[in-house]
1. Once amide H atoms are built 1.01 Å from N in the peptide plane, which residues 5 or more positions from residue 357, or in another chain, come under 5 Å H to H?
2. How big is the convex hull of the Cα atoms of segment 352-417, per residue, in Å³?
3. Extending each Cα 7 Å along its Cβ direction at residue 51 and residue 381, get the distance between those two points in nm, one decimal.
4. Work out, step by step, the length gained on full extension between residue 65 and residue 522: first 0.36 nm times the residue separation, then minus their alpha carbon distance; give nm to one decimal.
5. Taking all protein chains together and a probe of 1.4 Å, list 498, 409 from the most accessible to the least accessible.
6. Alpha carbons only, please: Rg and Dmax for segment 454-493, in angstrom.
7. Report the far tail of the P(r) of segment 77-133, meaning the percent of Cα-Cα pairs longer than 17 Å.
8. Under 5 Å between amide H atoms, partner at least 5 residues away or on a different chain: which partners does residue 231 have, H built in plane at 1.01 Å?
Amino acid sequence: MKRLTPPTLFFPILFILCNLIASAQEFPQGYFRLPLDGDIGLSATFAEFRTGHFHAGLDIRTGGEVGKPVYSVADGYVCGVRISPWGGGKMLYVKHPNGYTSVYMHLNDYAGEIGRYVRREQYKEQAYAIVRDIPEGVLPVKKGQVIAHSGNSGSSGGPHLHFELRHNGHTINPLLFGLRYSDNIKPIIRGIRIYPTEGEAFNIAKQEEIEVAGPFYLGVYATDAAEGSTLRNGVDKVEIFVDGKLFFKYITNRFPLDSSRISNALIDYPYYVRTREAYLLTRSLPGAQGEWIPVRQGNGILRFAEGTTHSIRVRVSDIKGNLDEHTLNIKMLASIASDKPSTDERNTYPVVYNKPLKINGTELKLTFPAHTLYDNDRLHIVTSASSLYRSPVCTIKPCTVDLPPNEWYTLSVKATSPSDKAVIARIDGRRPTAYKTTREGDWFTASVRDFGQFALMVDHEAPRISPVNFREGKNIKTNTLRVKISDNLSGIETYNCYLNGQWILAEYDGKSATLTIDAHGAIKKGVKLRVAVVDAVGNTADVTFTIRKT
Ligand SMILES: [Zn+2]
């Protein structure tokens with residue numbers, strides 16, 4: 001019999017070693033310069049809570065403009081380029097001799113040799129969105145060299161530079177490296193919430209005396225404004241002292257990039273979705289652990305005897321040590337005997353959070369990898385017949401912990417009337433959102449990362465193509481052509497533009513659903529622009545425009 005060495009045996013040792021090395025080496029001071037000219041103004045801080053992830057870097061303001069020179073923060077070489085219509089847009093990665101990688105996102109364009117390299121690769125692949133790992137020696141850069149210009153590409157809410165420093169799979173707050181940065185504004189505690197384990201959560205506003213019955217945990221919402229800005233950035237440190245002793249501490253120096261989604265489990269997620277206010281919770285869930293997770297006493301739930309009074313001091317601070325504090329006294333009332341509503345266990349399946357789960361129904365199949373949920377729970381699964389869709393409506397949600405899944409899981413539904421153009425869609429939102437779907441006979445399968453209601457829908461509609469700044473047969477003044485493209489359900493899979501039969505680069509901006517084509521003076525006497533767009537189930541729109549220049 002073959003003996004396997006359990007990798008789990010070595011993992012903890014390796015893990016401890018890595019941590020020791022990381023803490024010993026600290027963050028090199030003065031090694032990196034600023035990526036932009038002038039002083040840093042932040043429109044988002046490191047590790048702010050976002051839906052489904054932490055903010056992995058700093059958002060540095062560019063005065064509402066695009067086109068500011070972006071400098072390499074140290075010597076090194078360009079080790080990667082990624083371009084996406086969504087997310088980080090035009091991204092650039094520079095590897096430095098000290099092992100760090102600096103990352104720049106939402107760029108407008110790449111400078112000099114880097115720009116020429118990217119363009120060559122885009123024409124080689126005939127695609128705007130490319131991903132390239134680049135070996136050392138191809139694109140060396142010097143500290144202070146202009147590598148790009150700042151922009152608003154991808155899912156950016158306004159011109160800015162997103163900047164990160166990464167090391168060994170972690171992203172680290174760039175402000176820890178001695179970059180020139182001033183901040184004299186103190187963070188503000190905006191709210192504290194009490195979460196009784198039996199009963200409704202409530203906000204305590206600015207009260208100093210409150211009464212609570214039974215065990216409870218706390219939530220803290222704090223923001224920090226940057227100089228010259230009213231934006232509500234995140235704070236760097238939250239500490240809670242109970243009767244003078246440290247009970248909870250959360251510092252956002254660094255986190256592993258592959259665990260970013262656990263951020264959902266650290267906050268009151270349903271409340272955040274409703275209000276955009278991220279209440280950091282003291283409660284701990286077994287599936288949301290890691291070396292970078294808050295330090296707490298026990299599981300973060302406070303249990304005090306009836307009639308006792310306790311002081312709770314909340315302190316939030318930023319990286320420069322500016323702080324805000326709030327102290328409250330909590331008087332413990334008699335626990336109310338809870339009439340727990342008897343949970344209806346019909347149509348529910350027990351889930352152990354760190355074990356996989358497989359459900360094989362006659363209308364629905366489900367495969368959860370381990371750690372799809374953050375805690376042991378029961379999963380509520382119901383299918384109900386519907387004439388509106390090509391399958392029964394499938395409802396999937398955990399019974400207790402109202403959090404989206406931490407992992408992608410596989411969902412298969414059986415079609416009542418199958419079609420090659422069918423996709424699995426989540427149907428309980430404002431409008432249906434489709435998932436990339438594969439078909440095997442009557443069964444349709446997608447990888448999903450949501451809970452809610454799902455059903456099979458058919459997409460028979462071709463994508464739409466509409467010119468923005470030109471019209472068929474008319475003269476135009478500019479060399480840059482803009483075309484809006486959209487799809488009703490399954491989503492745009494490919495988009496290609498041809499000028500007089502030749503493939504031409506069309507930059508696709510997801511947020512404005514616009515293709516931008518720089519015709520480089522080719523229009524002159526008149527050109528034919530062909531735009532071909534295909535959706536995820538193969539519906540095609542293919543339009544040719546005749547354009548003349550005045
Ligand atoms: Zn950002």
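1. 368
2. Values: hull volume 5.5 nm³, N = 66.
Cα-based convex hull of segment 352-417, divided per residue, equals 84 Å³.
3. Distance between the two pseudo-spin positions: 2.6 nm.
4. Numbers: separation 457, 0.36 × 457 = 164.52 nm, distance 2.85 nm.
Using 0.36 nm per residue and subtracting the Cα-Cα distance, I get 161.7 nm.
5. On the way: 498 50, 409 0 Å².
The most accessible residue leads, giving 498, 409.
6. 14.9, 48
7. Working: 540 of 1596 pairs.
More than 17 Å apart: 34 percent of the Cα pairs in segment 77-133.
8. 226
The values are calculated or read from the model by the stated rules, or taken from the named source; none is laboratory data. All of these numbers come straight from a predicted model, not from anything done at the bench. When we count neighbours, we look across all protein chains shown, and the Cβ atoms used for this are built from the backbone with ideal geometry, even at glycine. Keep in mind that these areas ignore ligands, DNA and RNA; they rest on the heavy atoms of the full protein, side chains included. Shrake-Rupley method; radii C 1.70, N 1.55, O 1.52, S 1.80 Å.
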